[in-house]
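The values are calculated or read from the model by the stated rules, or taken from the named source; none is laboratory data. Quick caveat: nothing in here was measured; it's all calculated off a predicted structure. Here the Cβ positions follow ideal geometry from the backbone for every residue, glycine too, while neighbour counts run over all protein chains shown. All accessible areas refer to the heavy atoms of the entire protein, side chains included, with ligands and DNA or RNA removed. Shrake-Rupley method; radii C 1.70, N 1.55, O 1.52, S 1.80 Å.
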Amino acid sequence: MKVKTILVSQPEPKIENSPYFDLEEKQKVKIDFRPFIHVEGVSAKEVRQQKVDLKNYTAIILTSRNAVDHFFRVAEEMRFKVPDTMKYFCQSEAVAYYLQKYVVYRKRKIYVGKRTFAELSPLIKKYKDEKFLLPNTDKVKPLVPETLDGLGIDWKQATFYKTVVSDLSDLADVYYDVLVFFSPSGIESLFQNFPDFKQNNTRIAVFGNTTIKAVKEKGLRVDIAAPTPETPSMTMALQKYIEEVNKKK
C-alpha cells in the first residue's frame, strides 16, 4: 500500500530546513506532528519532599534543556538565589548553550561534555570534592546513576519534571499510513490512549533498539527501522521505504 500520510509522535520542528519538510515536498506526502508524551514540572513542595535543599549543593549536573528549565524554575519557586560560584556540568554543547538563557556564560564555571553522559563523567570526577545535584525526569536511564556511583562522588538525584502521556482522544477516528515513534514512552502513550489499537495496514516506523523492543512486546510489527548503516536518520529510512512502496503499481 502506498504511503500518503505520516504522523510523527514529536512536536513539529521549529527550523524551516527540517528534513521532514523536504521529505514532504519530494515524496508528495502529508506529515503531521503530535507529541505523544510531554513534560510537566514538579512543584517546589514535591522537590522539598525528596529532601532537597538547594543551598546544600555546589554543582549541578544538567543532562538536557528540560533539566536546565526546571532547575531554575524550582530555584525561583523556592526563592533560592543561585550563587555565582555554582558549577554547571552540561552533558553536551547544546545544553551548555541553552544555559545562557539563565546565566551570564563567561562569568560562570561551566564544564561541557561532548555528547554522551559517559563523556561527561571524567570532568565530574576531577571535581570530586563538590556536592552534586542531578535534577532529572522520573524516567532516568540506569546508566546515569550507575556512572555517578562509580565515580565515588557526593551526589543526589531528584525528580524536577515528569514525562506524562498526552491526551490523543481527538485522533480516535483519524487514520495514518505510517506512525513514527522514537521512544518506548510513545508506544506506552499509544496504548494508554487507544487500548484496543490494532495495527492492520498501518506501518510503524521506530528509532532505536529500545523502541523496537517496546513495539514487539505489544505484538506490533516494525515496518521501518532506524538507525541503520544505510539509513542513519528516521527521515532517510522513511524516504527509502516510501520510494519503494509508492512506485509499485
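For segment 6-20, the set of residues classified as modelled with pLDDT of 95 or more and hydrophobic (A, V, I, L, M, F, W, C) consists of Ile6, Leu7, Val8, listed by residue number. Among the numbered conditions (1) over 30 Å from Ile60 (Cα atoms); (2) in contact with a Phe, Trp or Tyr (Cβ under 7 Å, 6 or more places away or on another chain), the only one that Asp154 does not meet is (1). Counting the residues of segment 111-133 that are open to solvent by less than 30 Å² (accessible area, probe 1.4 Å), outside any helix (DSSP H, G or I) and hydrophobic (A, V, I, L, M, F, W, C) gives 2. Scoring Leu148 on the criteria (1) open to solvent by 70 Å² or more (accessible area, probe 1.4 Å); (2) at pLDDT 90 or above leaves a single failure, condition (1). Among the candidates Val3, Val95, Val52, the residue that is touching a helix residue (DSSP H, G or I) at 6+ places or on another chain (Cβ under 8 Å) and either within 26 Å of Val140 (Cβ to Cβ) or modelled with pLDDT under 95 (or both) is uniquely Val95.
Name the residues in segment 68-84 that are surrounded by fewer than 22 Cβ atoms within 10 Å (Cβ to Cβ) and not basic (Lys, Arg), would you?
Here is the first cut: in segment 68-84, the ones surrounded by fewer than 22 Cβ atoms within 10 Å (Cβ to Cβ) are 69, 72-73, 75-84.
If the condition is that a residue be surrounded by fewer than 22 Cβ atoms within 10 Å (Cβ to Cβ) and not basic (Lys, Arg), then Asp69, Phe72, Ala75, Glu76, Glu77, Met78, Phe80, Val82, Pro83, Asp84 are the ones that fit.
Within the group Phe80, Phe36, Phe71, Phe89, which residue is aromatic (Phe, Trp, Tyr) and closer than 30 Å to Tyr176 by Cα? One residue alone meets the criteria, Phe36.
Is it the case, given these coordinates, that Arg65 is in contact with a helix residue (DSSP H, G or I) (Cβ under 8 Å, 6 or more places away or on another chain) and open to solvent by 50 Å² or more (accessible area, probe 1.4 Å)? Full working, then the answer.
Working: in contact with a helix residue (DSSP H, G or I) (Cβ under 8 Å, 6 or more places away or on another chain): yes; open to solvent by 50 Å² or more (accessible area, probe 1.4 Å): yes.
So Arg65 fits the description; yes.
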